[in-house]
Amino acid sequence: MSDRKQENSATAYQGVMMFTKYQKIYAKRARGLFDNWRVVMVILTQAVFYGVLWLEWNGRQAVLLHLVERKFYIFGIVFWPQDIIYLAIILIVSAYALFLVTAIAGRLFCGYACPQTVYTQLFMWIENWVEGDRNARIKLDNGPLNARKIRIKLTKHLLWGALAVWTGFTLVGYFSPVKDLWQNLLTWNLGGWETFWIFFYGGFTYLMAGSMRELVCRHMCPYARFQSVMFDPDTLIITYDAERGEPRGVRQQGRNSESGQGDCVDCGLCVRVCPTGIDIRNGLQYECIGCASCVDVCDEVMGKLGLPKGLVRYSTENAMARHLGQKEILGHIVRPRVLGYAAVLVLVLIISAWFLSNRIPLKVDVIRDRSMLSREVDDGRIENIYTLNVMNTEEKVHRYRITVDGLAGIELAGKADIEVPAASAMSVIVPVRVSPESGKSGANPIRFQVVAERNPDIRVQEKASFLLP
C-alpha cells in the first residue's frame, strides 16, 4: 500500500471509536411486584439447590449422581449408564420448556430463574447490605482508599467468597456423598479432585456473579443472541409505550396532559435499576434479560405523579401497534408456534412417563465365551459357555431364576439361580448343553430368561446363539 493510501486509510478511521470503555454498572434496587417474584424465585431455587442433597431416602442421599459407583440415585429410582436415554429425554424436555416459555413471555427464564441472574442477585444483596445503596456504593468507590474502605471491601469479598465456596461444595455434594464430603472437609481430608471442583466452581461463581455480572449476559450467553428467533409479534416482552410517554420531560404532579407533553418525566430511573445498563425506552435490545425492574420503578414514579401505571409494561408488538387490552393479549397466547412447542413437550412427557412407569428394574447382558466356541462333554452333548451380567436396579435384594430355551432338550449345566444385592450387578458363568441333533450345524438362536422369584413381573429375555459343530 502506498504512503498516500495509508494516510487516507488512517484519516478514515480518525474519530471512530472501535471499542467502548467499560463502565461499571451500579444498579439500584427497584421494589415492586416483579421484584417480589424475583425474591421468591431466588429463595425457591436456592432452597432446592442447597437443601435437596441433605435429604435421605432408603438410608442414603436422596439425590446423588454417584460418579464412583456409576449410578444416579433420584429419590426412589436408580439410573445406570445404560439409562442414558433418560438424560436425552431430560435435555429435550428442558429445551422445549424453554422454547415454550420464551415464545409466550420472552426471556422470563433469564429474569427469574437463570443461575447467572440468581447468583448475581445474591451477590448484589450482600453488596447492598455491606456497602449500602447505589449512591453509597458510588461514593465509596470514588472516595479515597482508607481503612474504612478497605474494611468494607474486604468484608464484602469475604462474604462473596464464602458463598461461592459453599456453592462449589454443594455442587460437588451431588456427585460425591455429601456427608462423607462434609466429614472429609472437617478433617482436612478432601481428595484432590473434590478440592479442585469445589474451588473451580466456587471461583467461577465468584467471577461470574461478583465481577462480570452483566458482561455474561451481554457478551457470553448464547441465548441472548438467538432469543429473537423464538420471538414473534405476540410474544410478551417488556416495552415502553412511546406513544404515551413522548415527548418526555419534567412534569409536575397533577399537571394535565393538555400541553402535549408525554407521561415520561425522563427521570432515568429505568436505566439506573437495569442490571445490564440499557435504556428500555430505546426499544427491545438483546441485553434485556426481562427482569422487569424498569416496570417496577416506572410504576412507582407514575403512582407518585398520580398517573396511570404501565408506561413500561409487559406487552407485545401487536398489542402496542393495535392498542389491544389485556384480554386480547391473553387471547393471542394460543397460536400455532405455542401449540407446536406445547404439543411436542406434552408428547415427550407422556412417553417418558410411560417408559418410566413400565421400566423393568433388571438388566441382563449375555456374552458367549469366544475362547472356546463349543465342546463335546462326556455324555456326547455339545456345550457352550456364557457369562450373564445381571444388574439389579432396584434398592432391594432379588433372587433370580435363569432358564434357557430355543432348542429341543436344551438345559443349563450350572446353577440356575443367582442372588443380586440391592442396586448392584453380578456376573455368573452359565454352561448350556444340547444334543448334537437338536439343531443345525453353525449358529442356532436361543433365549435366556431371567425372572425374579418374588416378583414374576420382573423378567428379561435376552437372545444369544448356540454353536453346533
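The values are calculated or read from the model by the stated rules, or taken from the named source; none is laboratory data. Note that the structure is predicted; figures quoted are calculated from it, not measured. Don't worry about glycine lacking a Cβ; one is built from the backbone with ideal geometry, like all the others, and counts go over all protein chains shown. Accessible surface is based on the protein model in full, side chains and every heavy atom, while ligands, DNA and RNA are left aside. Shrake-Rupley method; radii C 1.70, N 1.55, O 1.52, S 1.80 Å.
What the table shows:
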quantity: Over 27 Å (Cα to Cα) - which of Lys363/Lys415; Lys21/Lys309; Lys28/Lys327; Lys21/Lys153; Lys156/Lys179; Lys363/Lys440 fall in this group; calculated: Lys21/Lys309; Lys28/Lys327; Lys156/Lys179; Lys363/Lys440
quantity: Heavy-atom accessible area per residue - the stretch 160-218, 1.4 Å, Å²; calculated: 52 Å²
quantity: Within the accessible area of the chain (1.4 Å probe), percent carbon and sulfur; calculated: 61 percent
quantity: Cross-link partners of Lys396 among aspartates and glutamates (Cα-Cα below 16 Å; sequence separation of 8 or more within a chain); calculated: Glu419, Glu453, Asp457
quantity: Relative contact order [Cα under 8 Å, 6+ residues apart], the stretch 106-248, whole percent; calculated: 33 percent
quantity: The chain - charge dipole about Cα centre, Lys and Arg +1 at Cβ, Asp and Glu -1, debye rounded to 20; calculated: 1440 debye
quantity: The chain, relative contact order [Cα under 8 Å, separation at least 6], %; calculated: 14 percent
quantity: Volume of the Cα convex hull of the stretch 184-339, divided per residue and given in Å³; calculated: 184 Å³
